[in-house]
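The values are calculated or read from the model by the stated rules, or taken from the named source; none is laboratory data. A quick note: this is a predicted structure, and the numbers were derived from the prediction, not measured. Backbone-built Cβ (ideal geometry, glycine too); neighbour counts: all protein chains shown.
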Amino acid sequence: MRKRDAITDLILETFRLNGCLLMAGDALVADIGLTSARWQVLGAIALSPIPLPVAHIARNMGLTRQAVQRLVNEMEGDGLVSFEPNPHHQRAKLVLLTPRGKAAYDAAMKRQGPWASSLSNGLSIEQVEATTETLRVIRQCVEGRSRQRKGDA
């Protein structure tokens with residue numbers, strides 16, 4: 001097998017895995033009132049050392065600003081997040097977890113630990129770390145090419 005065919009197989013398998021992870025995540029947190037997408041955004045907010053505007057949350061997660069804006073607007077309506085004025089930008093409000101949002105995120109993370117442990121059965125820590133590093137290198141390569149194209153435009 002040629003290297004380009006192997007990387008194509010890896011990319012396709014990553015797409016399949018992403019779909020499976022989203023479905024499994026949705027099922028894991030559905031009764032908490034979350035989806036995988038909401039959980040992901042709550043996590044980005046919860047794990048940030050400082051409050052962030054939507055654009056920064058989106059950039060950190062590799063998502064579009066519009067997708068994150070739609071999610072935080074919905075979650076504000078559900079009482080999971082709130083908006084606060086941003087001293088650095090008049091229109092780009094900061095997104096904060098509400099107590100209800102923190103409780104939902106904490107409940108999701110309480111389930112995530114045992115679920116992740118069950119996925120690691122049969123895998124060595126070295127396999128997991130090597131796979132993570134491989135995916136990181138590929139992501140960084142793709143990000144670098146995207147930045148180059150934007151600079152060329």
* Asked: Are any residues in region 122-150 of a type in the set (A, V, I, L, M) and out of contact with any helix residue (DSSP H, G or I) (no Cβ under 8 Å at 6 or more places or on another chain), and if so, which ones?
  -> L123, I125, V128, A130, V137, V142
* Looking at E76, E84, which one is more than 29 Å from G144 (Cβ to Cβ), surrounded by 15 or more Cβ atoms within 10 Å (Cβ to Cβ) and charged (D, E, K, R)? -> E76
* Asked: Just wondering, is there one or more residues in region 129-141 that are more than 21 Å from the chain's Cα centre (by Cα) and not acidic (D, E)?
  -> no
* To do: Considering every residue within region 77-88, establish whether at least one is within 23 Å of E143 (Cβ to Cβ), at pLDDT below 95 and in contact with a Pro (Cβ under 9 Å, 6 or more places away or on another chain).
  => no
* What helices (runs of 4 or more DSSP H), lying completely within region 1-70, carry at least 1 residues that are farther than 29 Å from A92 by Cα? -> 3-29
* To do: Could you check, for region 74-89, whether at least one of its residues is among the acidic types (D, E) and over 19 Å from D31 (Cβ atoms)?
  => yes
* **Count of residues meeting criterion [among the hydrophobic types (A, V, I, L, M, F, W, C), farther than 13 Å from L42 by Cβ and out of contact with any Leu (no Cβ under 8 Å at 6 or more places or on another chain)] in region 65-89** => 1
* Asked: Limited to region 83-123, what total is found for residues that are outside any helix (DSSP H, G or I), in contact with a Lys or Arg (Cβ under 9 Å, 6 or more places away or on another chain) and touching a residue at least 12 places away in the same chain (Cβ under 8 Å)?
  -> 3
